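Step one of this worksheet: look at the structure below.
The values are calculated or read from the model by the stated rules, or taken from the named source; none is laboratory data. As the structure is a computational prediction, the values presented were derived from the model and not from experiment. Positions of Cβ are generated from backbone atoms using ideal geometry, with glycine treated the same way; all protein chains shown enter the neighbour counts. Surface accessibility is based on the protein's heavy atoms, side chains included, excluding ligands, DNA and RNA. Shrake-Rupley method; radii C 1.70, N 1.55, O 1.52, S 1.80 Å.
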Amino acid sequence: MIIDCHQHLPRLIEGKTLARSKEELLGELKKNKVDYAILIPDNTPVSEIGNLDEVLGLVEHDTNLFVMGTINIQRDKESHMRKLDHLFQTRRIVGVKIFPGHDTIYPTDKRLVPVYELCMKYDLPLVVHPGAGSKKPNPTKYNDPKHIVKVAKRFPTLKIVIAHYFWPKVEYCYELTKPHANIYFDTSALADDEVVEETGLDNIRKILTLTVEHRPKNVMFGTDYSMCDIKKHIALIESLAIKREMKEMIFSRNSKRLFKLHLL
Ligand SMILES: [Zn+2]
């Protein structure tokens with residue numbers, strides 16, 4: 001079984017509708033034998049990949065698609081927090097993603113504390129987007145794992161998923177986060193051509209293998225589709241010199257447990 005815990009709808013370009021985007025995504029899942037996916041909406045009201053309300057409405061009747069909550073604490077107010085609480089309660093979101101680097105906020109920003117408390121209340125993860133992959137200048141200033149580690153230390157029961165492993169500095173990210181059992185990783189973007197070129201395939205394989213050996217429950221399969229290719233990410237996990245059982249944990253079991261997915 002494969003669960004992709006990090007996907008986005010294909011971009012709305014040239015008059016494409018959200019419904020068409022979803023069809024395209026479902027076709028990709030089928031083609032790559034991905035059984036379930038978690039869709040991450042944007043945290044801006046108007047977006048090429050859909051906002052939270054749009055994505056929630058779109059997948060209402062799809063039992064193989066889950067949704068991640070998103071928030072922009074520089075813009076969203078109290079009412080958005082109440083909305084996320086309700087969505088958690090009714091199991092319509094499986095975690096919350098924040099975007100330091102896209103947004104000019106640090107994970108240690110005190111305005112984020114209510115978001116962390118909400119995740120802890122439902123024992124569902126916070127996903128953080130780090131890495132140099134943004135076009136804005138110097139996003140790593142905000143999303144360096146050194147800030148994430150401070151949050152992990154302050155809230156030991158908060159489960160934090162680092163997406164993209166802070167490429168190209170995967171080794172740095174591994175070393176820094178190693179002491180924190182509440183830090184998890186998804187593999188999204190790690191098989192992307194640009195990421196492989198800048199980080200080195202051997203380096204990516206080495207760090208993923210070390211992470212899995214050190215903490216087998218803390219690595220989840222994610223792709224960053226439609227920005228990245230699903231097939232290449234499956235091939236990356238298959239290429240790791242680890243036991244089949246560990247690959248199965250990465251591909252599905254860890255996500256199922258962490259995001260408390262109700263699989264039909
Ligand atoms: Zn993403």
request  = Note down the relative contact order for region 58-177 as a percent, whole number, built from C-alpha pairs under 8 angstrom at least six residues apart.
outcome  = 23 percent
request  = Whenever you get a sec, line up SER47, SER239 from highest to lowest accessible area (probe 1.4 Å, protein heavy atoms).
outcome  = SER239, SER47
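Accessible area per residue, 1.4 Å probe, Å², for region 178-228: what's the number?
About 39 Å² of surface per residue is accessible.
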inquiry  = Below 8 Å, C-alpha to C-alpha, sequence gap of six or more: please give me the relative contact order for the chain in percent.
reply    = 19 percent
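Peptides 141-147, 227-233: what's the order by average Cβ count within 10 Å, highest mean first?
In decreasing order of mean packing, 141-147, 227-233 become 141-147, 227-233.
Quick one: with all protein chains in place, what share of the accessible area of region 165-220 is carbon or sulfur, to the nearest percent (1.4 Å probe)?
Answer for region 165-220 is 50 percent, counting heavy atoms of protein chains only.
When Lys and Arg each count +1 and Asp and Glu each count -1, what net charge do the other residues less than 12 Å away from PRO216, Cβ to Cβ, add up to? Could you put the intermediate results ahead of the total?
Details: positive: ARG215, LYS217, LYS243, LYS247, ARG253, ARG257; negative: GLU213, GLU245, GLU248.
Cβ neighbours under 12 Å give a net charge of +3.
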ask   = Label 7 Å along Cα→Cβ of LYS247; region 1-36 residues with amide nitrogen under 12 Å?
value = 1
key: GLU48, GLU197, reordered so the largest accessible area comes first (probe 1.4 Å)   = GLU197, GLU48
Most to least accessible of MET220, MET120 (protein chains only, probe 1.4 Å) = MET120, MET220
inquiry  = Students often check this: by mean Cβ neighbours within 10 Å, which of 9-21, 173-185 ranks highest, and how do the rest follow?
reply    = 173-185, 9-21
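Return the calculated 222 nm mean residue ellipticity for the chain, to the nearest 500 deg cm²/dmol, obtained by summing -39500 (n - 2.57) across DSSP H runs with n ≥ 4 and dividing by the residue count. Don't skip to the end; give the middle numbers.
On the way: 12 runs with 105 residues, N = 264.
One gets -11000 deg cm²/dmol as the mean residue ellipticity at 222 nm.
Using a Förster distance of 35 Å, how high is the FRET efficiency between ILE13 and LYS83, based on the Cβ-Cβ distance and rounded to 0.05?
Values: r = 28 Å, r/R0 = 0.81.
That gives a FRET efficiency of 0.80.
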task = Taking every pair of Cα atoms in region 171-264, average 1/r, invert it to obtain the Kirkwood radius, and report Rg/Rh to two decimals.
result = 0.95
message = I'd like the accessible area for GLU194, computed on protein heavy atoms only with a 1.4 Å probe and all protein chains in place. Round to 10 Å², please.
response = 100 Å²
task = Taking every pair of alpha-carbon atoms in the chain, give the share separated by more than 30 Å as a whole percent.
result = 20 percent
